[in-house]
Amino acid sequence: MHTTASLQLYNHSKLAIMKLYTIGFLLLFFSLCTSGQSITKSDLRYTEWCVDNSNKNFYKSDTIHLYRFLDTLTEIQKWNIQYRELDYNNGKDIAKIKFKKKGRAEITDHNIEDWTASKRDGKWRWKYDDATQKLTLLFEKELKLLFKIVGNFEDRLVWKYEDTKHFPKEDIYHIRVLKLIRIN
């Protein structure tokens, strides 16, 4: 009788330990999965991002995707980067956002039809909260846009062309994409 009770106690403690290991593994797995989605303020600082702005989507849409090219570009590629940005956005209008130091920002709207770029007169500021993943854009100290980052992934763009000797070539551009949902 004493042996059966000891055996049952041993089996229960073994089962409890297995449950703890399983719970620990699941918590570790989910924390690793979700930490890959988060970004920090330093990931935004000193960077330039593009966003679809057809029909003023950047200012009105509930969901937007910011994107930027990650590759180190050659001089020739730098001259043509706007073509790549537009190609990635299916030839639609874009807005470019520069996240500068000390919370300053610059937003430029690019109209594709008449090939113009326009900036609003005044001061843009940006704030980012690492803990809540919220991006705030202020214009003249007034809240204009508030987004929560809900996705962070990489994409790519394949650009096919002919070189000077008319040989087919292709460049592959790696792109960081952030999915944001409007809060206000």
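One table, with the values for the structure above:
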{"read-out": "Qualifying trypsin sites (Lys or Arg not before Pro) in the stretch 123-184, DSSP loop, other Cβ atoms within 10 Å at most 11", "value": "141, 165"}
{"read-out": "Efficiency of FRET between residue 182 and residue 114 - r from beta-carbon atoms, R0 22 angstrom, step 0.05", "value": "0.20"}
{"read-out": "Local electrostatic count at residue 79 - Lys and Arg +1, Asp and Glu -1, tallied over other residues with Cβ under 15 Å", "value": "-3"}
{"read-out": "Overall form of the stretch 41-182 per C-alpha gyration tensor (a/c, 1.5; a/b vs b/c)", "value": "prolate"}
{"read-out": "Taking 172, 107 and counting other C-beta atoms within 10 Å, the order from fewest to most", "value": "172, 107"}
{"read-out": "Dipole of the stretch 70-132 [Lys/Arg +1, Asp/Glu -1 at C-beta], most positive-end residue of 105, 73, 90", "value": "105"}
{"read-out": "Cross-link partners of residue 127 among lysines (Cα-Cα below 18 Å; sequence separation of 8 or more within a chain)", "value": "41, 96, 98, 100, 101, 102, 141, 144, 148, 179"}
{"read-out": "Least to most buried among 129, 87 (fewest other Cβ within 10 Å first)", "value": "129, 87"}
{"read-out": "For residue 47, distant residues with modelled amide H under 5 Å away", "value": "99"}
{"read-out": "Likely footprinting exposure, 59, 88, fewest C-beta neighbours within 10 Å first", "value": "59, 88"}
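Just so you know, all these numbers are worked out from the coordinates, no wet-lab data involved. From a predicted model like this one, the values you see are computed outputs, not experimental measurements. Every residue, glycine among them, receives a Cβ derived from its backbone with ideal geometry; neighbour counts consider all protein chains shown.
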